[in-house]
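Working notes for the structure below.
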Amino acid sequence: MPAFQTVRGMRDLIGEEAQAFTTIISKARETAVLYGYKEVITPHVEPLELLSAKSGEEIRQRMFIFKDLGDRQVALRPEFTASIARLATTSLKNEPKPLRLFSVGTVYRYDEPQRGRYREFWQSNFELMGSAKPEADAEIVLLTNNLMKSLGLHSYAFKIGHIGVIRGILSQDGVDEKTQNAVLQRMDKKEYDEALKLVESEKCRGMLRGLLEIRGNDWLDSVEQIQTYVADYEKAKAAAENLAEVLKLVTESADITIVVEPAFARGLEYYTGMIFEIYIPGLDIALGGGGRYDKLIEAFGGEPTPAVGCAHGIDRVAIALQTQKTALAAKAEKKVAVLPITEAMKSEALRIAQGLRAAGLTVEFEVMGRKMAKALEDADKRKVDFAVIVGERELKEGSVVLKDLVKREQSTIPIDKLVEKIKS
Ligand code: AMP
């Protein structure tokens with residue numbers, strides 16, 4: 001039989017890579033605690049109807065869909081928001097608002113695999129439900145900023161827009177919602193010519209073309225330009241004003257780099273307000289993104305509930321950390337190997353190993369039954385810091401031999417002083 005491989009687009013994470021993921025996940029979880037987001041764990045498999053209802057054509061076409069043995073149409077989740085919105089309309093329906101929810105785990109999309117693009121990937125996801133205020137939008141941007149900062153990333157920038165600006169222009173010119181969605185999807189893929197072809201009115205096409213020209217590092221200047229540009233479009237103007245309010249809150253409360261792009265769109269169909277993505281220089285893929293979606297919960301049969309959220313692509317954040325050579329706050333815990341000299345010493349050695357672990361040390365116990373020289377050689381190879389050698393003679397005096405494998409020293413130490421000695 002040939003050696004088995006992973007399914008295309010799916011990866012094994014080993015060693016340092018797995019550790020980087022764990023660190024990012026821990027930081028995301030810490031961020032959730034700091035901002036008061038409660039963690040929820042939802043299923044990987046959901047009804048197809050739920051996942052496809054509002055996600056948009058782009059994602060619908062990339063879902064892993066199958067029938068379960070009970071003939072139900074189900075799919076692997078391509079994102080978290082639909083599941084969280086389901087929760088908000090069922091089990092958490094009566095929870096006081098605002099509702100702040102955090103999730104982390106794998107999601108699945110049949111994307112074309114390449115660096116930073118996989119078919120199974122990890123997201124950390126934050127949703128804030130119940131507020132239509134700009135401070136809620138600001139919170140989502142700020143917590144994303146905090147997470148990136150706490151991971152040690154630098155010179156990243158937020159690309160921010162407002163879906164209401166484009167929709168406001170399109171709807172005032174009589175473009176129906178389905179066509180609006182198609183236009184936005186093409187704009188998301190930067191297929192601007194294709195997007196414009198879908199719009200009949202020349203005036204409207206001209207407006208969108210003009211919008212593409214507005215972008216810049218001075219957010220205030222860009223937002224003012226948008227406000228003037230869409231002055232005759234009531235809804236688009238209100239959207240631009242809302243964007244200005246959000247950005248004012250964000251920039252006045254944090255040190256943050258923002259690039260405003262009014263013609264920026266996102267693949268998911270449910271967005272209604274501010275949208276954003278994060279980038280680092282030299283890496284042309286978004287590390288995360290999110291936005292406001294005020295109609296989703298209602299569409300799922302819940303009370304009208306404004307909401308805003310974001311998802312961070314952990315696989316891509318890991319690439320960004322590598323690119324910027326960020327020293328991940330890996331725990332530099334001392335590693336200890338406990339080695340019994342003889343068979344008769346095994347139980348005692350195990351007991352000592354348990355004691356060291358109880359004191360918080362990482363302990364690898366000798367389970368291969370190797371001779372001492374071989375076991376020590378192996379400990380060296382695996383970068384163990386200390387070997388605790390448990391022999392009959394020392395044990396009679398309540399001691400063991402502690403070998404410092406880095407400094408190449410050894411001494412006999414009373415068992416009750418071991419932790420202190422290793423930690424010092
Ligand atoms: P989205 O809501 O679709 O923008 O996804 C949120 C984040 O998930 C993106 O900003 C990416 O960081 C990440 N992401 C999306 N698709 C993939 C993929 N195929 N592989 C890895 N990460 C992805």
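Laboratory data are not the source of any read-out in this text; all were calculated from the coordinates shown. Since the structure is predicted, the reported quantities are computational estimates derived from the model, not experimental observations. Ideal geometry is used to build each Cβ from the backbone, glycine not excepted, and the neighbour counts take in all protein chains shown.
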With Cα springs under 10 Å, the Gaussian network model of the chain assigns the largest mean-square fluctuation among VAL246, VAL406, VAL141 to VAL406
Placing +1 on each Lys and Arg Cβ and -1 on each Asp and Glu Cβ in the chain, then taking the dipole about the Cα centre, the residue among VAL199, ALA32, GLN172 whose Cα reaches farthest towards the positive end is ALA32
Charge tally for neighbours of PHE21 with beta carbon under 13 Å away, counting Lys, Arg as +1 and Asp, Glu as -1, is -1
Calc'd 3J(HN,Hα), segment 21-33, phi into Karplus 6.51 cos²θ - 1.76 cosθ + 1.60 (θ = phi - 60°), Hz, glycine/Pro = x, comes to 4, 4, 5, 4, 4, 4, 5, 5, 5, 4, 4, 4, 5
Rounded to the nearest 10, the angle in degrees between the Cα long axis of helix 163-172 and the longest principal axis of the Cα atoms of the chain comes to 20 degrees
Computed, not fitted: 222 nm per-residue ellipticity of the chain from DSSP H runs ≥ 4 (each -39500 (n - 2.57)), nearest 500, equal to -12000 deg cm²/dmol
Any aspartates and glutamates whose Cα falls less than 19 Å from that of LYS421, other than same-chain ones fewer than 8 residues away, would be GLU333, GLU364, ASP385, GLU394, GLU397, ASP404, GLU409
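Just order 248-258, 55-65 by mean Cβ neighbour count inside 10 Å, highest at the front, would you? The partial results should precede the final answer.
On the way: 248-258: 15.5, 55-65: 17.0.
Answer by packing, highest mean first, reads 55-65, 248-258.
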Classified through the alpha carbon gyration tensor (a ≥ b ≥ c as square roots of its eigenvalues; rounded if a/c is under 1.5, else prolate when a/b is larger than b/c, else oblate), segment 335-423 comes out rounded
Other residues with Cβ under 9 Å from the Cβ of VAL390 give, with Lys and Arg +1 and Asp and Glu -1, a net charge of -2
Dipole check, the chain, charges on Cβ (K,R +1; D,E -1), about Cα centroid: among ALA379, LEU147, GLY309 the Cα furthest to the positive pole belongs to ALA379
Longest principal axis of the chain (C-alpha) makes with the long axis of helix 177-188 (C-alpha) an angle, in degrees to the nearest 10, of 50 degrees
Hits in segment 356-383: amide N under 20 Å from the 7 Å Cα→Cβ extension of GLU392, namely 369-373
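Given the pairs LYS27/LYS423; LYS248/LYS295; LYS67/LYS97, which span a C-alpha to C-alpha distance of over 28 angstrom in this model? Could you put the intermediate results ahead of the total?
Numbers: LYS27/LYS423 25 Å; LYS248/LYS295 25 Å; LYS67/LYS97 36 Å.
Table pairs above 28 Å Cα-Cα are LYS67/LYS97.
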Connecting every pair of Cα atoms under 10 Å apart in the chain and solving the GNM, the largest mean-square fluctuation among LEU212, LEU296, LEU69 falls on LEU69
Distance in nm between VAL367 and THR326 label points, each 7 Å along Cα→Cβ, equals 3.4 nm
Computed for the chain: size of charge dipole around the Cα centre, +1 on C-beta of each Lys and Arg, -1 on C-beta of each Asp and Glu, debye to nearest 20, value 1440 debye
By the mean-Cβ-within-10 Å protection proxy, highest first, 80-87, 396-403 rank as 80-87, 396-403
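Taking the Cα centre as origin and putting +1 on Lys and Arg beta-carbons and -1 on Asp and Glu beta-carbons, what dipole magnitude results for segment 247-297, to the nearest 20 debye?
Values: 4 positive and 7 negative charges, 37 e Å.
For this selection, approximately 180 debye.
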For ALA344, placing the label point 7 angstrom along Cα-to-beta-carbon and taking segment 374-396, residues whose amide nitrogen sits under 17 Å are 390-396
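How much FRET efficiency would the formula 1/(1 + (r/R0)^6) give for ALA18 and LYS417, where r is the Cβ-Cβ distance and R0 is 41 Å, rounded to 0.05? Intermediate results must be reported in sequence, preceding the final value.
Numbers: r = 35 Å, r/R0 = 0.84.
About 0.75, to the nearest 0.05.
If R₀ is 35 angstrom, what is the calculated FRET efficiency for the pair LYS38 and ASP221, using the beta carbon separation as r and rounding to 0.05? Provide the component values of the computation, followed by the final result.
Numbers: r = 39 Å, r/R0 = 1.12.
With a Förster radius of 35 Å, E is 0.35.
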The distance between the Cα centres of segment 267-335 and segment 81-143, in whole Å, is 9 Å
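Using the Cα centre as the reference, give the magnitude of the dipole from point charges on the C-beta atoms of segment 335-423 (Lys, Arg: +1; Asp, Glu: -1; all else neutral), rounded to the nearest 20 debye. Intermediate results must be reported in sequence, preceding the final value.
Working: 18 positive and 15 negative charges, 47 e Å.
It works out to roughly 220 debye.
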Computed over the chain: longest principal axis from alpha-carbon atoms vs helix 134-150 long axis, angle to nearest 10 degrees, is 30 degrees
A convex hull over the alpha carbons of the chain yields, per residue, a volume in Å³ of 206 Å³
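List the trypsin sites (Lys or Arg not before Pro) in segment 276-349 that DSSP assigns to loop (not H, G, I, E or B) and whose Cβ has at most 12 other Cβ atoms within 10 Å. Which are they? Display every interim value, and only then the final one.
Details: sites: ARG292, LYS295, ARG316, LYS325, LYS331, LYS334, LYS335, LYS346; in loops: LYS295, LYS325, LYS331, LYS334.
Answer by residue number: LYS325, LYS331.
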Given Cβ charges of +1 for Lys and Arg and -1 for Asp and Glu, the option among PHE4, GLY391, LEU184 whose Cα lies farthest towards the positive end of the dipole of the chain is GLY391
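Please give the peptides 228-235, 365-372 ranked by average Cβ packing (other Cβ atoms within 10 Å per residue), highest first, as a rough proxy for protection. Write out the running numbers ahead of the final one.
Working: 228-235: 15.6, 365-372: 12.6.
Taking the mean over residues of other Cβ atoms within 10 Å, the ranking is 228-235, 365-372.
Provide the gained length on full extension for the span ALA132 to GLU333, in nm with one decimal, where the gain is 0.36 nm per separating residue minus the Cα-Cα distance.
Numbers: separation 201, 0.36 × 201 = 72.36 nm, distance 4.52 nm.
My answer for the length gained is 67.8 nm.
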